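The values are calculated or read from the model by the stated rules, or taken from the named source; none is laboratory data. Fair warning: this is a prediction, and the values are worked out from it, not measured in the lab. In this analysis, Cβ positions are derived from the backbone assuming ideal geometry, glycine residues included, and neighbour counts consider all displayed protein chains.
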Ligand SMILES: N[C@@H](CCC(=O)N[C@@H](CS)C(=O)NCC(=O)O)C(=O)O
């Protein structure tokens with residue numbers, strides 16, 4: 001299997017965590033976003049969307065969209081599981097993951113930040129200190145409330161089971177910290193983040209450990 005990944009990409013980080021958790025090996029195909037390698041014809045022939053990550057299996061089939069890929073990997077290799085079986089728990093895990101994947105990450109994606117600069121002349125200060133934290137806090141408020149109101153959290157988002165919810169939470173918080181967002185208003189999410197940070201599947205896949213880290 002080959003994984004197209006960029007060390008700082010939080011969606012690539014999701015895949016690295018999931019693959020490591022499941023003990024699935026892969027060859028990393030480093031794809032630099034600053035060098036625009038994701039927009040070059042070679043990569044567009046893999047993922048015409050021009051976004052990382054992408055996964056190619058040994059038969060040459062291509063898989064894209066990180067959350068769909070994580071559920072696919074879970075079907076392919078069910079143990080250790082990243083999705084619960086109970087319908088309500090499955091809903092909850094997807095709800096946490098989708099707050100991050102649908103409502104936080106897309107608003108702070110590289111191409112969005114670039115567009116704010118080129119089309120609306122927003123300066124780096126406004127983008128990094130206003131726009132970026134604004135959407136982190138909007139999302140984190142909802143996430144923290146969901147975790148608290150559902151009462152399902154334990155060591156991880158869902159009791160003691162490490163799931164796709166945690167796989168999405170960890171990279172998002174890494175990024176928020178990199179942009180110096182104040183995370184103290186989110187103690188439940190941060191407690192889970194700290195617990196996840198102790199896991200080998202996170203320690204061995206975090207951005208700084210990657211061969212393409214700059
Ligand atoms: N919904 C996609 C999003 C993928 C995505 O946006 N990846 C980012 C890196 S984290 C990217 O390739 N950005 C390039 C760009 O914005 O130009 C997924 O979950 O896989």
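Kindly indicate which of 126, 117 is touching a helix residue (DSSP H, G or I) at 6+ places or on another chain (Cβ under 7 Å), assigned to a helix (DSSP H, G or I), without any contact (Cβ under 8 Å) to a residue 12 or more places away in the chain and surrounded by fewer than 15 Cβ atoms within 10 Å (Cβ to Cβ).
On the way: 126 fails: touching a helix residue (DSSP H, G or I) at 6+ places or on another chain (Cβ under 7 Å).
Residue meeting the stated conditions: 117.
Conditions tested, residue by residue: (1) more than 15 Å from the ligand (Cβ to nearest atom); (2) part of a loop (DSSP other than H, G, I, E, B); (3) under 16 Å from the mean Cα position of the chain (by Cα).
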site	(1), (2), (3)
4	no, no, yes
15	no, no, yes
19	no, no, yes
33	no, yes, yes
46	no, yes, no
52	no, yes, yes
60	yes, yes, no
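Kindly indicate the residue of the stretch 195-206 that is more than 22 Å from residue 92 (Cα to Cα) and without any contact (Cβ under 8 Å) to a residue 60 or more places away in the chain and also surrounded by the fewest Cβ atoms within 10 Å (Cβ to Cβ) among those meeting that condition.
Taking the candidates together, the pick is 198.
Listed residues 136, 192; which is without any contact (Cβ under 8 Å) to a residue 60 or more places away in the chain, touching a strand residue (DSSP E or B) at 6+ places or on another chain (Cβ under 7 Å) and crowded, with 19+ Cβ neighbours inside 10 Å? Reasoning before the result, please.
On the way: 136 fails: touching a strand residue (DSSP E or B) at 6+ places or on another chain (Cβ under 7 Å).
So the residue among 136, 192 that is without any contact (Cβ under 8 Å) to a residue 60 or more places away in the chain, touching a strand residue (DSSP E or B) at 6+ places or on another chain (Cβ under 7 Å) and crowded, with 19+ Cβ neighbours inside 10 Å is 192.
Identify, from the list 213, 165, the residue that is in contact (Cβ under 8 Å) with a residue 24 or more places away in the chain and outside any helix (DSSP H, G or I).
Working: 165 fails: outside any helix (DSSP H, G or I).
Only one candidate qualifies: 213.
Does the stretch 143-152 include one or more residues that are surrounded by fewer than 16 Cβ atoms within 10 Å (Cβ to Cβ), over 18 Å from the mean Cα position of the chain (by Cα), part of a loop (DSSP other than H, G, I, E, B) and without any contact (Cβ under 8 Å) to a residue 60 or more places away in the chain?
Yes, that holds for at least one residue.
Would you mind stating whether residue 73 is in the same structural domain as residue 129 (by TED's automatic domain parsing), more than 9 Å from the ligand (Cβ to nearest atom), in a helix (DSSP H, G or I) and more than 12 Å from the chain's Cα centre (by Cα)? Spell out the reasoning first.
Working: in the same structural domain as residue 129 (by TED's automatic domain parsing): no; more than 9 Å from the ligand (Cβ to nearest atom): yes; in a helix (DSSP H, G or I): yes; more than 12 Å from the chain's Cα centre (by Cα): yes.
Answer is no for this residue.
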